[in-house]
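Student: Here it is, the structure, as structure tokens.
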Amino acid sequence: MRTQVAIIGAGPAGLTLSHLLYLQGIESVVLELRSREYIEHRVRAGVLEQGTVDLFRSAGVADRLDRECLVHHGIELLFERRRHRIPLTELTGGRAITIYGQQEVVKDLIRHRLEAGGQILFEATETTLLDLHTSSPRVRFRHGGEIHELQCDFVAGCDGGHGVSRTFIPPGAVSVYEKLYPFAWLGILAEAPPATDEIVYANHERGFALHSMRSPRLSRLYIQVPRDEPLERWPDDRIWEELRLRLGTDDGWTLNEGPIIEKSITAMRSLVTEPMQYGRLFLAGDAAHIVPPTGAKGLNLAVADVRVLAEALTAWYREGRDDLLAAYSTTCLRRIWRAEHFSWWMTWMLHRHEDEDGFLQRLQISQLRYVCTSRVAAASLAENYVGLETV
Ligand SMILES: Cc1cc2nc3c(=O)[nH]c(=O)nc-3n(C[C@H](O)[C@H](O)[C@H](O)COP(=O)(O)OP(=O)(O)OC[C@H]3O[C@@H](n4cnc5c(N)ncnc54)[C@H](O)[C@@H]3O)c2cc1C
């Protein structure tokens, strides 16, 4: 088997890259560990930055997104039982965020790739990357019970935070910067109309909570729990009770409840791999960096990376230029570190930390009041949240 670009992983990064390359006449094969059914139903992110939506539109894959998405012009910060609105659109010269589930993005991209004759090999296992430091790398994998070898010009490692691509870079060739948080998010998807028009981020003495949504009928809610918390400790009734407490306000607002159709715990960490390339291997998305979900940046960074990578590969194939490929890591890392800082900052400001005398809590409330009363501070949050155009 031979292709121009071998893409490992059919998440938002890998599928978007494959589609952008196809638009430039560059061939790719996508190898995905899981089944199509599995990845089309994996509930994860749901907040798309303006730039992500603009890219999907210009790439012609936003037809269903435009019909079904919810556009939001603000978010709310809740502390001391009162909500404060951050008017994102007003503060950013007209930009907005779009609510559309990551699994829907994945479904759309898979459909567009397959309709255009794109090759996605699902349930490809035992992926091994070979000869990455040569001009003709190879990918060996098992598919349909047989071992195959894919020859290519480049390998794009888009296989997420638990993927294998990164492990084929020799120790010492990259540095990894990492921060683990002592808490996690317990997230639910519930068949209940959202009880809020905009996303609510809550700082509460019992811990962080988030009220988000996926559609007019589906609510997406999260609570901060200790790291390594067993899911069995959280029967549905206990989750709703905690959400009612942490999201409660003094104005009589009530939470809409309904059957929980998905429940999971996500560990929180920040991680950056530098550089994001080794020989002919280019890492993109969660394979290269992780952010805690508080800033809603992971999916958006994945798409931003592959936009840069697709442009660099196009310049290589069309004009024989390798300067953009050489600069890939440096270009992406500017946006990545900005998003890492923003995600860390939002996480710090909103979660309950080890804080014996309440010093940190007082700093958090002071910061929240500042963000909600100073137009400059609010604008800084807003421009980071909707996504910076240039970094
Ligand atoms: C609970 C939760 C909430 C989140 N909320 C948000 C949010 O609101 N906004 C936001 O922007 N981001 C959010 N994120 C982050 C976002 O989901 C990720 O950043 C995003 O999935 C990254 O896309 P990716 O394509 O890089 O990786 P992934 O989506 O992880 O895709 C990687 C793919 O590679 C496959 N794979 C793995 N190993 C192999 C292998 N060996 N061979 C072949 N294939 C392999 C995987 O099965 C997967 O399909 C959230 C994440 C979680 C977990």
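The values are calculated or read from the model by the stated rules, or taken from the named source; none is laboratory data. Computed from a prediction, not measured in an experiment: that's the story for all the values here. No Cβ is skipped: glycine too gets one built from the backbone with ideal geometry, and neighbour counts run over all protein chains shown. To get the accessible areas, we keep the full protein, side chains included, count just its heavy atoms, and leave off ligands, DNA and RNA. Shrake-Rupley method; radii C 1.70, N 1.55, O 1.52, S 1.80 Å.
Student: So what are the ³J(HN,Hα) numbers for region 18-23, from phi and the Karplus equation (6.51, -1.76, 1.60; θ = phi - 60°), rounded to whole Hz, Gly and Pro as x?
Tutor: So the J values, rounded to whole Hz, are 4, 5, 5, 5, 4, 5.
Student: Another question, if that's okay. Carbon and sulfur atoms: what percent of the 1.4 Å accessible area of region 7-114 do they account for?
Tutor: 46
Student: Per-residue ellipticity at 222 nm for the chain, helices alone: DSSP H runs ≥ 4 residues times -39500 (n - 2.57), over residue total, nearest 500 deg cm²/dmol?
Tutor: -11000 deg cm²/dmol
Student: Would you kindly calculate the mean projected area, averaged across all directions, of the convex hull enclosing the Cα atoms of the chain, in square nanometres?
Tutor: 19.8
Student: Taking LYS107 as the anchor, which lysines have their alpha carbon closer than 30 Å to its alpha carbon, excluding any fewer than eight residues away along the same chain?
Tutor: LYS263, LYS297
Student: What number comes out for accessible area per residue over the chain if the probe is 1.4 Å? Units Å², please.
Tutor: In whole numbers, the chain has 43 Å² accessible per residue.
Student: Using alpha-carbon positions, what is the distance between the centroids of region 54-72 and region 329-346, in Å?
Tutor: After rounding, the separation between the Cα centres reads 25 Å.
Student: Taking Cα centroids, how far is region 189-224 from region 226-281 in Å?
Tutor: Taking the Cα centre of region 226-281 as reference, the centre of region 189-224 is 10 Å away.
Student: I would also like to ask the following. Quote the charge dipole size of the chain about the Cα centre in Debye, to the nearest 20; the model charges only the Cβ of Lys and Arg (+1) and of Asp and Glu (-1).
Tutor: So the magnitude is around 320 debye.
Student: Let me ask something else. Which Cα, out of MET268, VAL225, LEU247, lies furthest along the positive dipole direction of region 225-277 (beta carbon charges, K/R +1, D/E -1)?
Tutor: About the Cα centre, the residue reaching furthest to the positive side is MET268.
Student: Averaged across orientations, what area in nm² does the convex hull of the alpha carbons in region 241-312 project?
Tutor: 7.9
Student: Oh, and also: Regarding region 250-391, what's the average projected area of the Cα-atom convex hull, expressed in nm²?
Tutor: 12.9
Student: So for the chain, averaging the separation of alpha carbon pairs under 8 Å that are six or more residues apart and normalising by length, what relative contact order in percent results?
Tutor: Normalised by residue count, the contact order of the chain is 20 percent.
Student: Excluding the sites themselves, what is the longest stretch of the chain that contains no trypsin sites (Lys or Arg not before Pro) in a DSSP loop with at most 12 other C-beta atoms within 10 Å?
Tutor: Result, exposed sites excluded: 1-205.
Student: Do you know the relative contact order of region 1-154, to the nearest whole percent, from alpha carbon pairs under 8 angstrom that are 6+ apart?
Tutor: 30
Student: Let me ask another. Per 5 Å bin, what is the whole-percent P(r) computed from every C-alpha pair distance within region 112-166?
Tutor: The distribution over region 112-166 is 4, 17, 23, 26, 22, 8, 1, given as percents.
Student: Report SER374's accessible area, 1.4 Å probe, all protein chains in place, as a number in Å² to the nearest 10.
Tutor: 30
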